[in-house]
Amino acid sequence: MLIGNPPWIVYRHLSAGMKDRLRDGLRAYDLWVGGNLATQQDMCALFWARSAERYLVPGGRIAFVLPFAVLNAPVFAGLRSGRMRQVEVKVTGAWSLERVWPIFGAQSGSSTTSTCVLFGRRGPAGSLPAEMDRWVGHLPRRDANDAEADRSLTHGRTPWPRPRTLVGVSPYRARFRQGATIVPRRFFIVDPEPVSRLGPRRDAPRMRGRVGPLDKHPWTTVEPPHGPIEVRFLHEIVLGESIAPFRLPATVNGVLPLDGEKLLDAAAARDEGYRYLAAWLRDVEGKWAAHCNKKPDGAPRMTLLAQLNHMRKLSSQIEQSKIRVLYTASGTRLSAVAGSCRTSIVEHKANWAPARSAHEARYLVALLNSAAALAKITDLQSHGQRDKRDFDNLVWTLPIPEYDDADPLHRDLSAAAARAEQVAAGVDLTAAHHFTAKRRAIRTALATDGVAAEIEALVDALLPP
């Protein structure tokens, strides 16, 4: 029997040379997926296939400690199928360890990767088992012995997790998009700089890049830009943490090089006569070139402007409808809001879509804010340090129908959301509150009012069990 704990390294974290080697290796076993899933490919899949080919005799068994996503994520579908060109490995079982602390659950300060053990046997591929073993509990220490583990952990059998899919059951899947990748934040998210007694210039106020806890290395070592900026390039930005249930408590200011439908780099800004924007962009473009990921020849793998508008996530927001629906991409609870924020830009920690009417927008916001909808997708979510966190587009795997004004249930949900908006607007949210406290205060008010229970009952009636 072959037992192992291979490295878990996703494609996007590899050097350029290692990316090429991993891609070629996975293609040799028909495990390379590419497309939108390319960045999620993991080296551990190559270890599983190559180890089975080289070290297992027919009928030989294998057991590897792997990411929990191997059990149901689309990027690992080829591994689960067992058909890997030169070798076939039938998956025979798994241990679910995503709730064993502090070893196998996602750890504080790490990614949200949780853990399983996958078992297989070299031989003809076949269907997946219907169930797997699951352990839950909190060990007294990382190096607990068998007796301590027996006392601390609860064992049971649980259904094999249903596969995640990139194809949404709901027609809304195709309408929602992720917000713009406004990274590094300190280059674009800004606060006003102190001014003289004469006050700020109205046409070009002085701004400074905001330093925050979400900044990551190497950008934490880079001085944020500062200086005057033409007011036309200052935009309201909706961050993921800006969104609360049925309310948008706060937004931030950002410097974005949008000139109508065009995006400007430093040279274009200079040619158009925007000298302050040109100076700002020269500064950040130089810092980006010095610290970003490089090609083998030393050139940036992506320009700063390309990063900012990756997959048109920024430029697609220029032409906006009168009303939009926004919801958070992660957290312990979904938070969603509808609003006429035509001039604002949504960042990548939130998803957005235009709504065809205020009634449709409220219908969607009621669904997205409900615990009933969240409960139906929890088995598909990845795990954070304590709770399941990432939503992305999982909610659209539910059969949420398009809004129909002739359907009384749809109209009732929209009306309940309108009432919830009024309740949320009346909650006192002081500036000292953390965004999680603001969301909690609003949910408490909604529960006290009774509208939260009304929405849950309506969502339960709309969606099948």
### Query
What are the residues whose amide H is under 5 Å from the amide H of Trp101, where those residues sit 5 or more places off or on another chain and H is modelled from the backbone?
Gly137, His138, Leu139
### Message
At 7 Å along Cα-to-Cβ for each site, give me the label-to-label distance between Asn293 and Ala149 in nm.
### Response
3.6
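May I ask you to compute the full-extension gain from Asp404 to Ala358, defined as 0.36 nm times their residue separation minus their alpha-carbon distance, rounded to one decimal in nm?
Values: separation 46, 0.36 × 46 = 16.56 nm, distance 1.25 nm.
Full-extension gain reported as 15.3 nm.
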### Query
Among Ala125, Phe187, Ala73, which residue has its Cα positioned farthest towards the positive end of the charge dipole of the chain, with +1 placed on the Cβ of Lys and Arg, -1 on the Cβ of Asp and Glu, and the dipole taken about the Cα centre?
Ala125
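Report, for region 177-462, the % of DSSP beta bridges that are antiparallel, rounded to 5. Show your work: numbers first, answer last.
Details: 29 of 32 bridges.
The antiparallel proportion sits near 90 percent.
Can you tell me the FRET efficiency between Arg83 and Arg162 if r is taken as the Cβ-Cβ distance and R0 is 22 Å, rounded to the nearest 0.05?
The computed FRET efficiency comes out at 0.60.
Work out how much length Thr444 to Arg208 would gain on full extension: take 0.36 nm times their residue separation and subtract the Cα-Cα distance, in nm to one decimal. Walk me through the numbers on the way to the answer.
Working: separation 236, 0.36 × 236 = 84.96 nm, distance 3.64 nm.
Working it through step by step, the gained length comes to 81.3 nm.
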### Message
I'd like the distance separating the alpha-carbon centroids of region 239-265 and region 21-99, in whole Å.
### Response
40
### Task
Please determine, in degrees from 0 to 90 and to the nearest 10, the orientation of helix 16-28 with respect to the longest principal axis defined by the Cα atoms of the chain, where the helix direction is its Cα long axis.
40
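Using the Cα centre as the reference, give the magnitude of the dipole from point charges on the C-beta atoms of the chain (Lys, Arg: +1; Asp, Glu: -1; all else neutral), rounded to the nearest 20 debye. Provide the component values of the computation, followed by the final result.
Values: 63 positive and 47 negative charges, 193 e Å.
Dipole magnitude for the chain comes out near 920 debye.
Do the sum for the chain: with -39,500 (n - 2.57) for every DSSP H run of n ≥ 4, divided by all residues, what is the mean residue ellipticity at 222 nm, to the nearest 500 deg cm²/dmol? Spell out each step's value before the answer.
Values: 13 runs with 131 residues, N = 465.
My calculation for the chain gives -8500 deg cm²/dmol from helical runs alone.
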### Summary
Amide H contacts under 5 Å for Met132, restricted to residues at least 5 apart in sequence or on another chain and with H modeled in the peptide plane, are Thr158, Trp160
### Query
Label Val231 and Thr39 with points 7 Å out from Cα along Cα→Cβ: what is the distance between them in nm?
3.6
## Note on the structure
For the chain, the Cα convex hull volume per residue in Å³ comes to 180
### Message
Can you tally the lysine pairs in region 177-462 where the Cα-Cα distance is under 23 Å and the two residues are eight or more apart, or on different chains?
### Response
20
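Taking a ≥ b ≥ c as the square roots of the Cα gyration tensor eigenvalues, with a/c under 1.5 meaning rounded and otherwise prolate when a/b beats b/c, else oblate, which class fits region 232-303?
Values: a/c = 2.91, a/b = 1.46, b/c = 2.00.
Taking the square roots of the gyration eigenvalues as a ≥ b ≥ c, region 232-303 is oblate.
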### Query
What residues qualify as long-range amide H neighbours of Thr115, i.e. H under 5 Å apart, gap of 5 or more or another chain, H built at 1.01 Å from N?
Phe68, Leu97, Glu98
### Task
Give the Debye-formula value of log10 I(q)/I(0) at each listed q (0.11, 0.19, 0.21 Å⁻¹), with one equal scatterer per alpha carbon of region 12-125, two decimals each.
-0.36, -1.03, -1.18
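Give me the orientation-averaged projected area of the Cα convex hull of region 328-367, in nm², one decimal.
If you wrap the Cα atoms of region 328-367 in a convex hull and average its projections, you get 3.0 nm².
Values quoted throughout were computed directly from the atomic coordinates according to the rules given, and no laboratory measurement underlies them. Values in this document were obtained by computation on a predicted structure and should not be read as measured data. FYI the Cβ positions are ideal-geometry reconstructions off the backbone, even for glycines, and counts take in every protein chain you see.
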